[in-house]
Amino acid sequence: MTVAGIVSAIIVGLIIGVLGRLVAPGKQSIPIWLTIVIGIVAAFIGTAIARGLGYADTDGIDWLEILTQVVLAAIGVSIAAGAYGRRGVTR
């Protein structure tokens, strides 16, 4: 993987992660680096799902693929926020 590929994956992950964070309900108290990682993972998994179901390669913008990625990122952010929020609570 080239440097440009890594940089573009980080940028796409950031965008997908932020969109997922906006869509996820409630307050998410997770760091931005975790949002980026979740966005990158959601982008890869969303693309794999879109290719598997046959709607990844369309003319123009692949709106269904982007929607799949954002939904996966929202789910990932919600799970991470729940796990991250409980991590530091001890009584």
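What follows draws every value from the coordinates through simple rules; no lab data is involved. Keep in mind that what you see is a predicted model, and the values were worked out from it rather than measured. Glycine also receives a Cβ, built like all others from the backbone with ideal geometry; neighbour counts cover every protein chain displayed.
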Residue-count net charge about Ala48 - beta-carbon cut-off 15 Å; Lys, Arg +1, Asp, Glu -1: -2
0 to 90° range, to nearest 10: angle between helix 32-53 axis and the chain longest Cα axis: 40
0 to 90° range, to nearest 10: angle between helix 63-87 axis and the chain longest Cα axis: 20
Which of Ala4, Ile75, Ile45, positive extreme of dipole for the chain (C-beta unit charges): Ile75
Total charge dipole magnitude, the chain, about the Cα centre, Cβ charges on Lys, Arg, Asp, Glu only, Debye to nearest 20: 720
Neighbourhood net charge (15 Å Cβ-Cβ; Lys/Arg +1, Asp/Glu -1) for Asp57: -2
